[in-house]
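Please treat every number below as a calculation from the coordinates, not as lab data. Keep in mind that what you see is a predicted model, and the values were worked out from it rather than measured. Cβ: placed from backbone, ideal geometry, glycine included. Neighbour counts: every protein chain shown.
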Amino acid sequence: MKTDFSRWWLLALLLVSFVVQAAPSKPLLMPGKHSLYQRVVTVPGAQLVDQPGDVQAGQPVTPFSVFYVYQRKEQGGEPWLLLGSDRHGTLSGWLRERDAIQWNQGLTLVFRDPAGHDRVLLFRDRASLQQALQQGAERWRTLYQQAVSGQLEPGSPVIAMQPEGYVDIRKDFYLVPILDYRETWLREEKARLLKIASVPLVEESARPVEPVAASPAPGDARKEDGGDDYSAGIVFVIDASLSMDEYIERTRQAVSRIYDQLGDSGQLGKVSFGLVAFRDNTSAVPGLDYVARTYVTLQEGANPGVFLEKVEQLKAATVSSRDFREDAYAGVREAIEGMDWSEHEARFIVLITDAGAREGDDPLSSTGLSTEALRRLALDNGIALFVLHLLTPSVMADHDKAAAQYRRLSDYPGIGSLYYGVPTGDLEEFGQVVDALSQQLVQLVAQGGSVNSSKAEGEKEEEVPAGQPAPPPTPQLAELQSKVARLGYALRMQYLQKGQGNIPRVFDAWMVDRDPLEPARRTVEVRVLLTRDQLSDLQSVLKQVLERAEEGVLSPQNFLDELKSLAATVSRDPERLGRTTATTAGEGASLADLGLIGDYIEGLPYRGEVMNLSLEDWQNWPARRQIEFLRGLEEKIAYYQALHDNTDLWISLDGGPVDGDSVFPLSLDMLP
């Protein structure tokens, strides 16, 4: 009996030993790396199972979930992966390798709007892409025309192309992870050949896969003939400081006229107006009453009576601000985040002010947002931002500096700056501009449902009251109207092609990140896919780095190392945010301390400014340049907070409410 018991005990120990050996405690390392683990991102429709080959009892996985790879195994001739949710041995199950994308960095691509430009061609392999580039412009044009027509020659190296319609990643989330890259030159421009995978956030069975993206379907009656659901939201953000009453009243008159025209043309439900007023810091001047206030929401502004009644409540301040700057960015941010834009395809903000704006580093700024951060926040929300800058005479005014601010703030990709400087703040010229701009934006709504003409069928020319001929536009106004027309066309095409620009599911495709026929033009934007929690961690750690640097705790070299550690961690493995820098209350160590910065940075196709910054560079910078760099980091912290709080921008991959696991593709330019 004792012998039998010993035998069973020995067998149990062997089984336990086998189980321990079969359950790896660490993920597999990337080839050639000493500290970076293999990671994958799951595609829509993926399922986790307990054992490889067991396809009957799988658990669905949220698309684009990131896992660590612990083991690779072939079962029934098919490769499988043992995955874990973290790098600490927490195993999740087995997954078919075909349902995962090898993703050894956090970088992904967003295709730029192809309106007015050639679309991106996707090639079978790197060699065929390189050959096509070497063969010159004529060969490239031939391949492009074949792809557009859907008549690729047998054995063509092109296997897909960017969809014709603009795919808005905010509304139709897709992932284009970068798997590999090679650097090259297109004339004088440095370019990258990118190996990518393309996966839309739609079940594979719900969307046909075509070798080349389909052209717009001519049978879509709604988009060809009606466009009944195309609407615009226009929010005026008005400076309500001292002496602005006459401009407030003239704006009210312009909107009143537009309401009359909308009613006459039967378009009244197509446009909603909102109104936000701003002043300046109330701590510095309590008599200003408020910094920013919404007077009319877009929902209220669909009703002319409500809008005009509430506008009457807006009056200019009775006391002066501290100087000739106002917190204009507080008003713009209020319009971006405080309005419900969800019902409107076309979104516009019109900023009206005679003063410069307080930048994020101004002690009296309530937002902490720089011009670039606020511009990015508007674009993230799909909003085009106009500025009507009243160049009123004043010994305190700094109009040149303010104009530079506002030109940058209103710069719309592919269109240019939507800025108008009103000389001397002339009320008559201001009225002409606000009338013309409002009418043109309203016209865009009527054009939104028309494919074949610049005006919707049955739309009337603008009616001018008898005896009041419209004055000819100034050269500056004519230029602005030309830009608005191009902007309207781009927005209209996005709407008309909505749902027709499906991202094809293509694996192991190669592309070039610049247009070979127009090398100065980038065809994609580089983003980092972060969860809401990871963005919060990024903000927290960056804030701690800056604070400790200001306190003198960090030497210049350690400060740069901390920043490099943070930037590299975000690009490579965002899950490690908050655990790879020495600033986190003594926990962990920086990548520099661990000797891992090179491991993290090596092989990244795109790097932020800080990754290539050396101590010698920093010390050679004049103090002014160093201060600008630090201010830029502070402004990014403010942007992270604004982005985190704007829940409309976050994408819930599992279809549930926005939470810490919701994701956002953060622009690489906004990394530390």
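Structural remarks
- Segment 361-367 - phi-based ³J(HN,Hα) in whole Hz, Karplus 6.51/-1.76/1.60, Gly and Pro as x: 8, 6, x, 8, 6, 8, 9
- Net charge dipole size for segment 236-307 [Lys, Arg +1 and Asp, Glu -1 on Cβ; Debye, nearest 20]: 180 debye
- For segment 287-369, the square roots of the Cα gyration tensor eigenvalues, ordered a ≥ b ≥ c, give a/c of at least 1.5 with a/b no greater than b/c, which places it in the oblate category.
- Couplings 3J(HN,Hα) of segment 239-249, computed from phi: 5, 10, 7, 4, 6, 9, 4, 5, 6, 4, 5 Hz, in residue order, whole Hz [Karplus 6.51 cos²θ - 1.76 cosθ + 1.60, θ = phi - 60°; x for Gly and Pro].
- Among the listed pairs 270/315; 270/310; 310/401; 315/636; 270/636, those beyond 26 Å (Cα-Cα): 270/315; 310/401; 315/636; 270/636
- Rounded to whole numbers, the Karplus 3J(HN,Hα) couplings from phi for segment 98-105 are 5, 9, 9, 10, 5, 9, 8, 7 Hz, using 6.51 cos²θ - 1.76 cosθ + 1.60 with θ = phi - 60°, and x at Gly and Pro.
- Considering segment 528-670, its Cα convex hull presents a mean projected area of 8.9 nm².
- Residues whose amide H falls under 5 Å from that of residue 115, counting only those 5 or more places apart or on a different chain, are absent, with hydrogens built in the peptide plane.
- The dipole here belongs to segment 23-102: it is taken about the Cα centre, uses +1 on the Cβ of Lys and Arg and -1 on the Cβ of Asp and Glu, and is about 340 debye.
- 5 angstrom amide H check on residue 181, placed H, neighbours 5+ away: 195
- Segment 94-117 and segment 522-560 have their alpha-carbon centroids 24 Å apart.
- Amide H contacts under 5 Å for residue 80, placed H, 5+ residues apart: 73, 74, 75, 97
- Rg ratio for segment 23-102: its Cα radius of gyration over 2.2 N^0.38 Å, N being its residue count, equals 1.01.
- With a cut-off of 13 Å between beta carbons, the residues surrounding residue 322 carry a summed charge of -2, where Lys and Arg count +1 and Asp and Glu -1.
- Taking the charge dipole of segment 528-670 about its Cα centre, with +1 at Lys and Arg Cβ atoms and -1 at Asp and Glu Cβ atoms, the residue from 610, 623, 598 reaching farthest to the positive side is 623.
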